[in-house]
Amino acid sequence: MPLAKVKIKISDFNFYYGQVKVIKGVSVEMLAKNVTSIIGPSGCGKSTLLRCFNRMNDLIPGARAEGRAEIEGVDILGPQVDVVELRKRVGMVFQKPNPFPKSIFDNVAYGLRVNDITDRLIIEKRVEQSLRSAALWDEVKDRLKDNALNLSGGQQQRLCVARALAVEPEILLMDEPASALDPIATARIEELIVELKKHYTIVIVTHNMQQAARISDHTAFLMQGELVEYGKTSDIFTKPRKKLTEDYITGRFG
Ligand SMILES: Nc1ncnc2c1ncn2[C@@H]1O[C@H](COP(=O)(O)OP(=O)(O)O)[C@@H](O)[C@H]1O
Ligand SMILES: [Mg+2]
């Protein structure tokens, strides 16, 4: 087997909100075309860490990163980084589905138009591709002009995935993407994630350990901003090296 390619690498990484250090000395390598999940108790820094990968935290006053973060060996923290370009490469899907109050079509086309793609045929093609990749096309192809807010919660979340895919990212960050969904919609999102990893590198935050066990190749267990353990998901859940990991996955706290 060829060595898997490292897509995201952070080393001795710290993150602060003002004076408060919430990510503490984390080093981790995440592999291309893998699903990596970040698990850990509420408030341990999962979302903060995830948002570092596309510099979404930049928008928060007083927020500051320290250390190294790279995508394919290239620094993503420095002032020379084109953050708009970075966010095109590193898409994001949030906990609560957040479609715009626009048509299904316009939601998916949004990022293309923002990026100055105006050719109608190109837009139509990319919208269809993205909806197909997000496993939503068959359900919406006859109603692309309908308001996206009329879709079910699960469909809205798959629409948000399609919107993220439309600008052809390499990495997809997902912050508890199924936590607002019912079990059937959750199962569809999980199937979709496993399908998407053929083409994309996926990092998912979840506090649902069964979900992490079902869909991810690697798992990072974070506690109070520290990376307690990182490894193959099967190892983390069946033979963790640390007592703390074992206590957490067996539900002794958190
Ligand atoms: N915008 C912010 N400003 C200040 N502190 C924040 C902000 N966002 C999160 N925090 C704090 O940082 C810590 C980590 O939060 P977060 O990354 O949201 O954790 P998780 O996603 O694991 O629940 C928490 O103590 C939280 O209160
Ligand atoms: Mg969170």
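Laboratory data are not the source of any read-out in this text; all were calculated from the coordinates shown. Given the structure is predicted, the values throughout are model-derived calculations rather than measurements.
Some points to look at:
- Overall form of segment 3-45 per C-alpha gyration tensor (a/c, 1.5; a/b vs b/c): oblate
- Excluding same-chain neighbours fewer than eight residues apart, the aspartates and glutamates reachable from K21 by a Cα-Cα span under 16 Å are D12, D58, E66, E226.
- Candidate lysines - alpha carbon under 20 Å from K145, same-chain residues fewer than 8 apart omitted: K102, K125
- Only helical runs count toward this figure. For the chain, summing -39,500 (n - 2.57) over DSSP H runs of n ≥ 4 and dividing by all residues gives -10000 deg cm²/dmol at 222 nm.
- Prolate/oblate/rounded call for segment 94-161, Cα gyration tensor, a/c under 1.5 rounded: prolate
- Kirkwood-Stokes translational diffusion coefficient of segment 159-254, alpha-carbon pairs, 20 °C, 1.002 mPa s, µm²/s: 149
- Rounded to whole numbers, the Karplus 3J(HN,Hα) couplings from phi for segment 78-95 are x, x, 6, 6, 7, 5, 5, 5, 4, 6, 6, 6, 10, x, 9, 10, 9, 4 Hz, using 6.51 cos²θ - 1.76 cosθ + 1.60 with θ = phi - 60°, and x at Gly and Pro.
- Zero-based 10 Å bins, Cα pair distances in segment 64-180, whole percents: 14, 42, 29, 13, 2
- Segment 1-89 shape via C-alpha gyration tensor axes, a/c threshold 1.5: oblate
- Compactness relative to 2.2 N^0.38 Å, alpha carbon Rg of segment 204-254: 1.00
- Cross-link partners for K96 among the aspartates and glutamates, with Cα-Cα distance under 16 Å and sequence neighbours closer than 8 places in the same chain left out: D175, E176, D182, E190.
- Ratio of Rg to Rh for the chain: 0.97 [Cα atoms; Kirkwood radius as inverse mean 1/r over pairs].
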